[in-house]
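The structure appears right after this line, and notes come after that.
FYI, it's all coordinate maths here, none of it is from the lab. Predicted, not measured: the structure shown is a model, and the values here were computed from it. Positions of Cβ are backbone-derived with ideal geometry, glycine not excepted, and every protein chain shown enters the neighbour counts.
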Amino acid sequence: MVEKVKFRVFRYRPEDGGRGFYKEYEVPVKKGMTILDGLIYIKENIDPTLSVRYSCRMAICGSCGVRVNGVETLACHTQVLELRRRTIRVEPMRNYPLVKDLVTDMTPLFRKQKALMTWLIRRDTVEQENPTKQYLQSEEELERYLQFTYCIQCGLCYSACPVVSTFPDFYGPQPLMKAYRYYADSRDEGGEERVRLVDRFEGVWRCHFAGSCSAVCPKGVDPALAIQLLRRSALKG
Amino acid sequence: MLARGVSRSSVIQSLRVMLIPGRYGLERWSYVLQRVSGVVVSLYFIAHVLETGNFIGGITVWSVPEYSFAERAYEETVKLLKNPIFDVGLAVIGFLVGFHTINGIRLILAHFGFSLGRPKRPEPFTPPPSFSSKQRALFWLSISLAVFALLYTLDALTRVFRP
């Protein structure tokens, strides 16, 4: 059965300057149709000027992060009829510079990730590049960080964080979680350096445990937990 | 005065994000209440110090006034505060202090890594480990204590100020 749902989409054109505005589109919806399907329908049939970023359409690439009815979600991961609303508000993610319509510039997220050295650090770089043996881990060692490797870097947590909104210099949930992911890895040798980087005002100490990051993660990752564990590590020194 | 590069609209937007919990769940409500209660209780504390300071002459405290001055100031203050608006205000302060205290302890425990779950593989329809049952219980304990403080304050007010 096909029914009509109204999409209230945020539009922003940088060439016009000033603020954005909302535009309404009526979209025929059937069972199984996602928000992304609706946006593609609008682009193909009603308004080709609408800009939306997407790639895999199956919640793996993390490209189509938007805010639907005020909550961050992946557009390809949210079914229209499950929302049970006649009008659906679609907005771009918060805390990122806006490029156009629903497309945001993810640079702040990746810049902060880089600043926290979110990669495996080994003192012997020659051995790291050309390993002579296997670096095995126990099940327990794996469990310490495995949950945080499920992150697809969609940036929804960074958008939902109220602290980033009020204090943009805060590193944010995703970069701090990523830092903990490597800190907790038994193969990593950059622990001290990484703790020194996060042990500052714009680091772990600015998190107020609002938990919105973990609430919106489409992969069930828990950045709020990672930040608290990282904070405990910073306290231990 | 705003810092360079900070527009008025971005300040309003930040305040909206900070003060409107939206549909992010219980933890976001706790965040908003903790911040609001912190600010309100701090403002109350300043007002309270100024108000009680009046009894001994306010900012002229270093030259201690006569007893009759303090007595008159006390009676005037009680007369001013003896109305339903201040009664309700004091009851709300009781609620906010009760909530801020216990929720603050919950947050300190969480910041030290206590009362949180251990990292585990994500599973559908299960809450993340940081939203542990201990954390939730402490949140509801803070709400319960806050409601108790509210009722106690109202009861105390009716007995003290309405003999």
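Per-residue Cβ counts within 10 Å, from other chains only, averaged over B:125-135: what number is that?
On the way: counts 1, 1, 5, 12, 5, 13, 6, 1, 0, 0, 2.
Mean partner-chain Cβ count within 10 Å for B:125-135: 4.
In percent, what relative contact order does the range A:107-236 have, based on Cα pairs under 8 Å that are 6 or more apart in sequence? Before the final figure, lay out the partial values.
Details: 165 pairs, mean separation 43.2, N = 130.
The value is 33 percent.
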inquiry  = Using helices alone, I'd like the mean residue ellipticity at 222 nm for chain A: each DSSP H run of four-plus residues gives -39500 (n - 2.57), total over residue count, nearest 500.
reply    = -8500 deg cm²/dmol
note = The longest stretch of chain B containing none of the chymotrypsin sites (Phe, Trp or Tyr not before Pro) that sit in a DSSP loop with at most 14 other Cβ atoms within 10 Å is B:1-61
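Based on Cβ point charges of +1 for Lys and Arg and -1 for Asp and Glu, what charge dipole magnitude is obtained for the protein assembly as shown about its Cα centre, in debye rounded to the nearest 20? Please list the in-between numbers first.
On the way: 54 positive and 38 negative charges, 176 e Å.
It works out to roughly 840 debye.
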query = Taking amide H positions as placed 1.01 Å from N in the peptide plane, with prolines and chain starts having none, which residues 5 or more places from A:THR104, or on another chain, fall under 5 Å of its amide H?
reply = A:VAL99
query = Along the positive direction of the dipole of the range A:107-236 (beta-carbon charges: Lys, Arg +1; Asp, Glu -1; about the Cα centre), which of A:HIS208, A:LEU146, A:GLN113 reaches farthest?
reply = A:HIS208
remark   = If one builds a Gaussian network model of chain A from Cα atoms under 10 Å apart, the most fluctuating residue listed among A:GLY172, A:GLY32, A:GLY155 is A:GLY32
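Restricting everything to alpha-carbon atoms, can you work out Rg to Rh for the range A:10-88 with a Kirkwood hydrodynamic radius? Show your work: numbers first, answer last.
Working: Rg = 12.8 Å, Rh = 13.4 Å.
Using only Cα positions, Rg/Rh for the range A:10-88 is 0.95.
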task = Choose one answer from B:ARG121, B:ARG136, B:ARG23: the residue with the largest mean-square fluctuation in a GNM of chain B with alpha-carbon springs under 10 Å.
result = B:ARG121
ask   = To the nearest 10 degrees, how steep is helix A:173-183 against the longest Cα principal axis of chain A, on a 0 to 90 scale?
value = 30 degrees
ask   = Separation between the B:SER9 and A:GLU24 pseudo-spin-labels, each 7 Å from Cα along Cα→Cβ, expressed in nm?
value = 2.3 nm
query = Who wins for biggest fluctuation among A:TYR150, A:TYR12, A:TYR96 in a Gaussian network model of chain A, springs between alpha carbons below 10 Å?
reply = A:TYR150
key: Evaluated over the protein assembly as shown, the Cα radius of gyration and Dmax, each in Å   = 26.1, 90
key: Fraction in percent of alpha-carbon pairs per bin - 5 Å, chain A   = 1, 7, 13, 16, 16, 13, 11, 9, 6, 5, 3, 1, 0
query = Reported to two decimal places, what Rg/Rh ratio describes the range A:107-236 when computed on Cα atoms with Rh from the Kirkwood expression?
reply = 0.98
request  = Could you bin all the Cα-Cα distances of chain B into 10 Å bins starting at 0 and give me the percent of pairs in each, rounded to whole numbers?
outcome  = 9, 24, 26, 22, 13, 4, 1, 0
task = Measure nothing but the geometry: give the 0 to 90° angle between the long axis through the Cα atoms of B:133-160 and the longest principal axis through the Cα atoms of chain B, rounded to 10°.
result = 20 degrees
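Please report the relative contact order for the range B:31-163, taking Cα pairs under 8 Å with a sequence separation of at least 6, and give it as a percent rounded to a whole number.
Numbers: 102 pairs, mean separation 37.1, N = 133.
Averaging sequence separation for qualifying contacts and normalising by length gives 28 percent for the range B:31-163.
Just counting partner chain Cβ atoms within 10 Å, what average do the residues of peptide B:22-30 show around their Cβ? Mind showing how you got there, number by number?
Values: counts 7, 6, 12, 7, 2, 9, 6, 2, 4.
Partner Cβ neighbours, averaged per residue: 6.
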